[in-house]
Amino acid sequence: MKAVGIILAGGGSKKMRELSSLRAVSAMPIAGSYRAIDFALSNMTNSHIQRVGVLTQFNSVSLNEHMNSSKWWDFGRKQGGLFVFSPTITFTHSDWYRGTADALYQNLNFFYRSHEPYVVIASGDGIYKLDYNKVIEYHIEKKADITVVCSRVGPEEDISRFGVVHTAEDGRITELEEKPVESETRNVNCGIYVIRRRLLIELLEGCATEERYDIVRDIIIRYRNHKRIYAYNLESYWSNISTVEAYYRTNRDFLKPEVRKHFFGELPEIYSKVEDNPPAKYNPGACVKNSLISSGCIINGHVENSVLFKDAYVGNGAVVKNSIILGDVYIGDNTTVENCIIESRGTLEGGKSYVGSPEEIKVVVEMMGRYPLNAQKEGHK
Amino acid sequence: MIKKEMIAMLLAGGQGSRLGVLTQKVAKPAVSFGGKYRIIDFPLSNCINSGVDTVGVLTQYQPLRLNAHIGIGIPWDLDRNNGGVTILPPYENIGGSDWYSGTANAIYQNLEYMKSFSPDYVLILSGDHIYKMDYEMLLDYHKANNADVTIAVMPVPIEEASRFGVVVTDGKGRITEFQEKPPEPKSNLASMGIYIFSADLLFEALTELKDVPGCDFGKHVIPYAHEHGKRIFAYEFNGYWKDVGTLQSYWEANMELIDIVPEFNLYEEFWKIYTKTETIRPQYVGAGAHIERSILGEGSEIEGKVFNSVIGDCVTIEPGAEVYDSIVMKGSVVGAGTRLYKTIVAENTRIGKNCEIGAGEYRDNAVDPRVYAAELAVIGEETVIPDGIRIGKNTAVWGVTTAADYENGELPGGGYLVKGGEKS
């Protein structure tokens, strides 16, 4: 028990368009059976980090529902556990979390009351597998004050939504450019940090007195010459899902055998809340090619190059291509869906056509009264 | 201990010998069913869905898989501070030790467990039936009749009634006569092996009958209650109920799940069947795959063709393989180019490439024609079958086999090849 964990899960994202109006980014469904935060939670539990705080703020209903029991990630323990920290008001204080550092500062007692020497801070919207102990080992080896986990992103990624990291030869961070318009290096900040608990408390208290609220701007960038801040390169798969395009691409990445092998074929596993759906059912006329199908799906039509989440129904003669179908979606007979993301609980009438393009993925929110719309607006997923 | 109005005692110690190699190393209640379930999930889920939160599970034959599956009852919400699920194996006491010698004897040996909850009623269940039943309605019926014993019964075709324990009622539900597997049944109401006893009567009867060898509910306890003039009622159940005691009925019950609207519907929102979920990831269906009229469990990777089949979790079906009318349980691999016809493949089996199983001429099984029938080929768990082997109908294979075990690369119809069984 070398570290306590913090998962930053309070963010929404305008770039997720309609998808984020219903839930925090960390609660976005991923790869048929998971939510984004399952990856950080599973990494924590698989790294034997037993005491984990999750910071929530933006539209947290789905997230809280998902974490209504901590036993799925093995956090239901006497030693440690899963703690959800939402902003709270007192007689002297009534602010929302004004930034990532402020969110941690407002829960400073969590750090004071821990005894573990290190803190692992992770964001809830990253899709990756990582043994945080390896980062802690690296951190110790480099005698670092802060270690930032970095990943090299491909040319398909929009670099302007990341923090680009420049390092010296030994890995020490010399420069961190937040959201550059363009950049020659593709090495970006994954939003995963290791820091000694005592130092974190000191830095957070310093930030608070100066009314600074952001981990990246007010700690990493500000202290880059003053503290020893190192980059740990994460070589395996990493993806941040907080735009519609990235979300679509990340889900479809799971159709690649090497990505499935990494996440599904190799231990340790990613855990999620168990929902007890029956096995997926393929009726006469079903034709499924290169797709992920989750439990509870009933398929009568044609599905190709797509990811179907739990309890999706595909009607007779319906065609689903290159699409992400979220949970509990009904697709009527002879309806065509191409290059779309269908929001969960959607009801698509028969004989309709929903077509986006590979450049412009269409997000479809179509409730048709099967679930009341005002319940949707209020954030009940 | 907090008093419980009704507790359940679930008999899960039987071997189920007519399932042949499927139950060589697991008790029948732990045999896989319907892709992702095990048979015992049905009564356990019925319990929690009916509000029965205290369940004693009596185990005896090969309990390892069963114990690992049930654990502390998390999947069924039976991890409770008061009650919950308790595994009850036979135990040693000051006077010696006894195996469970019959259904009622097993319950008798756990009298203390039952009494610790001071129940008013005890529900007796068996762990080898596929059905959904609201035991609360059964209890309401029991109370409304002021009954001492209520037996769940279901109408069966009269020509089949002689296979069952049959009850004769007075028209108002009260049972006047029992017939155990009668040649000429007087009624078509068959006992389902599900009983509610008023606790006082049950404890009295079990204590009175404690020295009866092989003490059994159908043969001893119910007749005891009848002889003592107790009020015994029949509760008629008209839903789906299947005893999966033979390979044929086991296969049929699985196949019924793949109908477009199955008689036994797992897709209903409000009576979920829970199971220990070891895999949560979705299944992957490859570009060359073709699946119709089938159900598939989580995490399976399908590259071949699957028709009319029930496939479990984490099954791999390689390119060019074809699976027809078969059951493939979790973790098994069907090699490229292999064809399965009406085959039951138990868990974690590896079938090589270009095999053909379940085809060829009809021949009765050489060793046990009563068990291995209905043209089924049955492959026991953790079996290995090498490449290019042909296996006929009414056959059984179990264990790590090599090409040398097959004459001319073939196990003809009716063949029996069992190499497993040693403790490893």
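Assign one of three labels to the range A:3-265, namely rounded, prolate or oblate, based on the Cα gyration tensor with a ≥ b ≥ c the square roots of its eigenvalues; rounded applies when a/c is under 1.5, prolate when it is not and a/b is larger than b/c, and oblate otherwise.
Verdict is rounded for the range A:3-265.
Looking at this model, which pairs from A:289/A:352; B:276/B:330; A:14/A:362 are more than 19 angstrom apart at the alpha-carbon?
Going by Cα-Cα distance, A:289/A:352 fall outside the 19 Å limit.
Run down the aspartates and glutamates and flag those whose C-alpha is under 12 Å from the C-alpha of residue A:142, throwing out any fewer than 8 positions away in its chain.
Excluding near neighbours in sequence, the set is A:170.
Going by C-beta contacts inside 10 Å, put B:129, A:115 in order with the fewest on the left.
Arranged by neighbour count, lowest to highest, B:129, A:115 become A:115, B:129.
List the GluC sites (Glu not before Pro) in the range A:186-241 that DSSP assigns to loop (not H, G, I, E or B) and whose Cβ has at most 12 other Cβ atoms within 10 Å. Which are they?
In loop regions of the range A:186-241 (DSSP not H, G, I, E or B), the sparsely surrounded GluC sites (Glu not before Pro) are A:210, A:211, A:235.
With θ taken as phi - 60° and the coefficients 6.51, -1.76 and 1.60, list the Karplus ³J(HN,Hα) couplings across the range A:110-126 in order, rounded to whole Hz; mark glycine and proline as x.
Each residue of the range A:110-126 in turn: 4, 7, 4, 8, 8, 10, 5, x, 10, 10, 9, 9, 9, 8, x, 10, x Hz.
Mean separation of Cα pairs under 8 Å and 6+ residues apart, divided by the residue count of the range A:281-377: what relative contact order is that in percent?
With pairs under 8 Å counted, the relative contact order is 17 percent.
Dipole of chain B, Cα-centred, from +1 at each Lys and Arg C-beta and -1 at each Asp and Glu C-beta, to the nearest 20 debye?
Magnitude of the dipole: close to 300 debye.
Got a sec? How would B:69, B:220 order by Cβ neighbour count within 10 Å, fewest to most?
In increasing order of surrounding Cβ atoms, one gets B:69, B:220.
Sequence gap at least 6, Cα distance under 8 Å: using those rules, report the relative contact order of chain B to the nearest whole percent.
13
Calculated from DSSP H runs of 4 or more alone, at -39500 (n - 2.57) each and per residue, what is the 222 nm mean residue ellipticity of chain B, nearest 500?
That comes out to -4000 deg cm²/dmol.
Taking +1 at the Cβ of each Lys and Arg and -1 at the Cβ of each Asp and Glu, which of A:243, A:130, A:154 sits farthest along the dipole of the range A:118-273 towards its positive end, judged by Cα position relative to the Cα centre?
Final value for the positive-end residue is A:130.
Could you order peptides B:168-174, B:148-154, A:103-109, A:32-38 by the average number of other Cβ atoms within 10 Å of their residues, highest first?
Taking the mean over residues of other Cβ atoms within 10 Å, the ranking is A:32-38, B:148-154, A:103-109, B:168-174.
Residue B:232: net charge of surrounding residues, Cβ under 9 Å, Lys/Arg +1, Asp/Glu -1, itself excluded?
Value of the local net charge: +2.
Rounding to the nearest 20 debye, state how big the charge dipole of chain A is about its Cα centre with +1 on each Lys and Arg Cβ and -1 on each Asp and Glu Cβ.
The dipole magnitude comes to about 760 debye.
Give me the base-10 log of I(q)/I(0) for chain B at each q in 0.06, 0.07, 0.09, 0.10 Å⁻¹, Debye formula, one uniform scatterer per Cα, rounded to two decimals.
The Cα Debye sum returns log10 ratios of -0.27, -0.36, -0.59, -0.72.
With a cut-off of 8 Å between alpha carbons and a minimum separation of six or more residues, what is the relative contact order of chain A in percent?
With pairs under 8 Å counted, the relative contact order is 16 percent.
Nearest 500 deg cm²/dmol is fine: what mean residue ellipticity at 222 nm does chain A get from its DSSP H runs of n ≥ 4 alone, each adding -39,500 (n - 2.57), divided by its residue count?
-5000 deg cm²/dmol
Summing Lys, Arg as +1 and Asp, Glu as -1, what charge do residues with Cβ under 10 Å from the Cβ of residue B:31 carry, residue B:31 excluded?
0
Beyond 30 Å between alpha-carbons counts as too far, so tell me which of B:36/B:342; A:273/B:342; A:143/A:256; A:15/B:272; B:115/B:143; A:134/A:321 fall in that bin.
A:273/B:342; A:143/A:256; A:15/B:272; A:134/A:321
Could you pull out every residue, at least 5 positions away or on a different chain, whose amide H is within less than 5 Å of the one on residue A:335? Hs are placed 1.01 Å off N in the peptide plane, and Pro or chain starts have none.
A:318, A:319, A:351, A:352
Of the listed peptides B:349-357, B:43-51, what is their order by residue-averaged count of other C-beta atoms within 10 Å, with the highest listed first?
B:43-51, B:349-357
Taking the Cβ of residue A:167 as the center, what net charge do the other residues with Cβ under 14 Å away carry, scoring Lys and Arg +1 and Asp and Glu -1?
Computed value for this residue: +1.
Which of A:323, B:297, B:135 sits closest to the plus end of the dipole of the protein assembly as shown, meaning its Cα is farthest towards the positive end, when Lys and Arg get +1 and Asp and Glu get -1 on the C-beta?
A:323
With chain B treated as a Gaussian network of Cα nodes joined by springs under 10 Å, which of B:308, B:365, B:408 yields the largest mean-square fluctuation?
Most flexible of the set in this elastic network: B:408.
What are the ³J(HN,Hα) couplings of the range A:312-322, residue after residue, when phi is run through the Karplus curve with 6.51, -1.76, 1.60 and θ = phi - 60°? Round to Hz, x for glycine and proline.
After applying 6.51 cos²θ - 1.76 cosθ + 1.60, I find 6, 10, 10, x, 4, x, 6, 10, 10, 10, 6 Hz.
So which trypsin sites (Lys or Arg not before Pro) in the range A:106-155 are both in a DSSP loop and have at most 12 other Cβ atoms within 10 Å of their Cβ?
Of the trypsin sites (Lys or Arg not before Pro), the ones in loops of the range A:106-155 whose Cβ has at most 12 other Cβ atoms within 10 Å are A:113, A:143.
In sequence order, what are the phi-derived ³J(HN,Hα) couplings for the range B:127-139 according to the Karplus relation 6.51 cos²θ - 1.76 cosθ + 1.60 with θ = phi - 60°, rounded to whole Hz, with x for glycine and proline?
The phi angles translate into x, 10, 10, 9, 5, 10, 9, 8, 5, 5, 5, 5, 5 Hz.
Values quoted throughout were computed directly from the atomic coordinates according to the rules given, and no laboratory measurement underlies them. Everything quoted here is computed from the prediction, not taken from an experiment. Cβ coordinates were reconstructed from backbone atoms using ideal geometry, including for glycine residues, and neighbour counts include every protein chain displayed.
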